[in-house]
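**Student:** So that we are looking at the same thing, I have put the structure below in structure tokens.
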Amino acid sequence: MKTYAYNAADAYFCTSVPLIKRGYMKKLLLAFLASVGLCACSGLNKNTVSYQTAKYDTAKYYVVAGEGMTKEEASQNALTNMRREMIQNAPDAAEQGVVPDLMANASVDKVWRDADASSKHYYALAVLPRSNARKVLEPLLKQADLKLAGLAAQFASPADPMADLKTAYKMQPVVLRRQALDDLYQFLSADRESFEPANFLPYKNALKEKLAAVLVAVDVEGVQSEVFVTYVVDALNQMGLGVADIADPDQVILVKVVTETDGYNSKKVEGLIWCSSGAAVSLVDAQRNVTFARFNVHERAGTSRAADSMRRSMQAAGEQAAKQITQRLETYLKTR
């Protein structure tokens with residue numbers, strides 16, 4: 001007697017197939033599928049960039065690809081792409097002169113052409129051993145830490161804001177260099193870890209503390225003064241200096257500002273309401289009661305509303321004044 005299979009899992013087989021033959025046919029099917037799988041694997045395009053890049057141990061090597069119409073062009077583009085990635089991920093390091101030294105340790109390890117592709121481009125892989133990158137960067141990072149240690153030892157005891165500020169300004173470019181080098185070190189490290197952060201952090205904190213100890217008071221009066229003062233305070237914050245109340249007896253510098261606005265109609269642009277805003281700015285050494293800088297700023301703006309024109313012109317005046325305050329104040333503090 002013949003027995004038929006009606007199991008949904010075996011729906012591939014016709015119901016007219018005897019059960020005794022079903023097992024045999026399933027074996028044939030599995031063998032067929034396995035052979036198809038092997039064919040698919042054997043047909044894998046080994047010329048792709050991802051396939052070739054995957055051959056490298058990413059814990060040991062930093063690999064970047066490039067392509068071009070010739071072997072030479074592909075090789076040069078791979079190296080160019082590597083340099084570009086370094087600068088994009090650690091932009092401040094570009095000014096530290098270390099990228100060329102790192103690139104001197106990189107080489108083009110493989111160049112090939114994808115025969116299966118219609119474009120027939122050449123591809124290349126630029127390879128930088130991470131151990132070589134560490135050999136370039138670590139001595140520079142340690143050198144910066146030693147220099148910072150020497151400068152930190154010069155801070156006055158007890159603390160003297162102005163005396164310490166001079167040392168802090170000497171530390172500032174070293175801290176910036178150290179940070180830039182560390183950004184590049186992290187990018188080129190497989191684990192993205194910083195270099196000896198416990199050594200660097202105290203110097204960063206000391207610099208921030210000494211800059212903030214120099215207190216600057218801001219006294220702004222006049223029309224739209226609340227708009228203007230925002231730009232002054234932002235400039236001081238960007239410098240890292242402390243901003244104090246006008247009544248603070250420990251203030252070192254006083255920024256005095258008097259603002260004014262004038263409305264007038266423009267003959268060149270009909271339909272706009274124009275406003276001219278200005279300010280007289282004085283920078284005073286509060287400890288010596290000496291004014292060391294004076295300047296004026298003026299800007300204008302035209303809109304359909306008088307209030308908007310006044311605000312925008314005062315904003316522009318504030319931006320201009322903030323730049324001058326930063327330049328003049330930093331010059332004075334470094335030479336005081």
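**Student:** Ranking request for peptides 205-217, 56-68: highest mean number of other beta-carbon atoms within 10 Å first, then the rest in descending order.
**Tutor:** 205-217, 56-68
**Student:** At a Förster radius of 22 Å, what calculated FRET efficiency corresponds to the Cβ-Cβ distance of D191 and D92, to the nearest 0.05?
**Tutor:** Approximately 0.55, to the nearest 0.05.
**Student:** Kindly sort E95, E221 by accessible area of their heavy atoms, largest first, with the probe set to 1.4 Å.
**Tutor:** E95, E221
**Student:** Trypsin sites (Lys or Arg not before Pro), restricted to region 138-200: which are DSSP loop and have at most 10 other Cβ atoms within 10 Å?
**Tutor:** For trypsin sites (Lys or Arg not before Pro) across region 138-200 that sit outside H, G, I, E and B with at most 10 neighbouring Cβ atoms in 10 Å, the list reads R192.
**Student:** Relative contact order of region 105-210, please, whole-number percent, based on alpha carbon pairs below 8 angstrom and at least 6 residues apart.
**Tutor:** Relative contact order of region 105-210: 24 percent.
**Student:** Separation of region 184-256 and region 158-172 by C-alpha centroid, Å?
**Tutor:** Taking the Cα centre of region 158-172 as reference, the centre of region 184-256 is 14 Å away.
**Student:** Another question about this same structure. Please report the accessible area of F292 (heavy atoms, 1.4 Å probe, ligands and nucleic acids excluded) in Å², nearest 10.
**Tutor:** Here the accessible area works out near 50 Å².
**Student:** What does DSSP give for region 184-323 in terms of the percent of beta bridges that are antiparallel, rounded to the nearest 5?
**Tutor:** 70 percent
**Student:** If you average the C-alpha positions of region 66-139 and of region 281-336 separately, how far apart do those two centres end up, in angstrom?
**Tutor:** Rounded to whole Å, the Cα centres lie 47 Å apart.
**Student:** Starting from the Cα gyration tensor of region 76-220, take the square roots of the eigenvalues, sort them a ≥ b ≥ c, and report rounded, prolate or oblate (rounded when a/c is under 1.5, otherwise prolate if a/b is larger than b/c, else oblate).
**Tutor:** Prolate, because a/c is 1.5 or more and a/b exceeds b/c.
**Student:** With a/c under 1.5 counting as rounded, go ahead and sort region 183-307 into rounded, prolate or oblate using the C-alpha gyration tensor (a ≥ b ≥ c being the square roots of the eigenvalues; past the cut-off, prolate if a/b is larger than b/c, else oblate).
**Tutor:** oblate
**Student:** To continue, here is another question. Please give the peptides 318-330, 296-308 ranked by average Cβ packing (other Cβ atoms within 10 Å per residue), highest first, as a rough proxy for protection.
**Tutor:** Highest to lowest by the protection proxy: 318-330, 296-308.
**Student:** Full extension from T53 to T80: what is 0.36 nm times the residue separation minus their Cα-Cα distance, to one decimal in nm?
**Tutor:** So the extension gain works out to 8.0 nm.
**Student:** Further, regarding this structure: Hey, rough spin-label estimate for A156 and Q172, points 7 angstrom out along Cα→Cβ, what's it come to in nanometres?
**Tutor:** 1.9 nm
**Student:** FRET efficiency for Q287 and N205, Cβ-Cβ distance as r, R0 = 25 Å, nearest 0.05?
**Tutor:** Plugging the Cβ-Cβ distance into 1/(1 + (r/R0)^6) gives 0.45.
**Student:** With the Cα gyration tensor of region 273-336 giving a ≥ b ≥ c as the square roots of its eigenvalues, does the rule (a/c under 1.5 for rounded; else a/b larger than b/c for prolate; else oblate) give rounded, prolate or oblate?
**Tutor:** It comes out prolate by the Cα gyration axes.
The values are calculated or read from the model by the stated rules, or taken from the named source; none is laboratory data. None of these values were measured; they are calculated from a predicted model. Note that each Cβ is placed from the backbone with ideal geometry, even for glycine, and that neighbours are counted across all protein chains shown. Surface accessibility is based on the protein's heavy atoms, side chains included, excluding ligands, DNA and RNA. Shrake-Rupley method; radii C 1.70, N 1.55, O 1.52, S 1.80 Å.
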